[in-house]
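Notes to accompany the following structure.
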Amino acid sequence: MRPVVVTNMLAAVALVLSCGVDISFAGERAKAKTARASKMEQPVTSKQSKESPPSAEAVPATAAAQGPRMSEDIKRLQEQVTDLQQLLRDVQESDRAYVDAQLQRTQAKTSSDTKSAPGNMVFFKGGSLRMNSDRAGDIFTDTLGTSGRNDGTWGWYGGAGLDLLLTRDAWGAADKTWVTGEIGLQFNRLASKRVANAATYAALNTVVVNKVQMTMLTIDVAPKIKFMEGSAVRPWIIPIGLDFHVISPPSNQTQYLDIGAQFGVGVEIDLSRSFKLGLDARYHLAANMTNTVNSYGQVGPYLGIAF
């Protein structure tokens, strides 16, 4: 039963008992008045005239016999009213404490919801990368090394992505731990050299040296776990994510699509409520379905805009 209902019930009982005391006093006074009026209106008979009036000692004796019993009843009712009034005060104090606690919880929840940092973020990144192996000696990279080897393994990358907030407490498993879903798009460019171009060689049957660009496109979908909500510096990890790769030039078998997994760690700094600056390091493990080695590692900064 709610405290407010209990308070109302006790107040009603106290009022009834208090009224009962007043009614008992009024009833006794009414009875006494009626009795006196009846005695005054009764005619005096001959028998009554002959009888001697009651002695002065008889009236006080009767009143003395009835007085203590009435006093005890009234005193008992007064004690009950006093007890109920004290109980009513106790319940009212408890009721106020309950309402105050509920109000504080509501205000705390509202304040927390209002001050919660935005969970979604769009970010832009760039940095350096290194392939596990070069692609020198392929037909489309340097025409089998006819005029030099296109053997660069270092390069740079640029891209963008979107973090979508999934939960702020890891679905109840850990407080202040976010899980976001990342969707990213990244362009990789490897160190490229001027070498013989296979298409020109095939068409003209002569060696023509041009710069053959070594590039790669990676699309990823990955869960990102961010720790330490509310802190100005938040570390995060990608336990495993899904990669799709497109390589250019194609392999000797003219294949250019690959799939793989990625693993990442990073740290993010709050510049303000909306702007973040971070550093991430990732390793992309490719399946090498193009018959080329497409795995690589990367590290670089990123700038995020939360919303």
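Derivation of every value follows stated rules applied to the coordinates shown; laboratory data play no part. Predicted, not measured: the structure shown is a model, and the values here were computed from it. Note that we place each Cβ from the backbone using ideal geometry, even for glycine, and neighbour counts take in every protein chain shown.
Things worth noting here:
- FRET efficiency for ALA191 and VAL293, using Cβ-Cβ distance with R0 set to 22 Å, rounded to 0.05: 0.90
- Using only the C-alpha atoms, the convex hull of the range 128-203 corresponds to 132 Å³ per residue.
- Take every Cα pair under 8 Å whose residues are at least 6 apart in sequence, average their separation, divide by the length of the range 121-306, and the relative contact order is 22 percent.
- Over 22 Å (Cα to Cα) - which of LYS125/LYS193; LYS125/LYS276; LYS176/LYS224 fall in this group: LYS125/LYS193
- Summed residue charge, Cβ within 15 Å of ALA174's Cβ, Lys/Arg positive, Asp/Glu negative: +2
- Based on the reciprocal of the average 1/r between different C-alpha atoms, the Kirkwood radius for the range 160-214 equals 15.5 Å.
- Between PHE263 and VAL221, the contour length at 0.36 nm per residue exceeds the alpha carbon distance by 14.0 nm.
- With 10 Å bins from 0: P(r) over the range 121-306, alpha-carbon pairs, percent: 10, 34, 26, 17, 9, 4, 1
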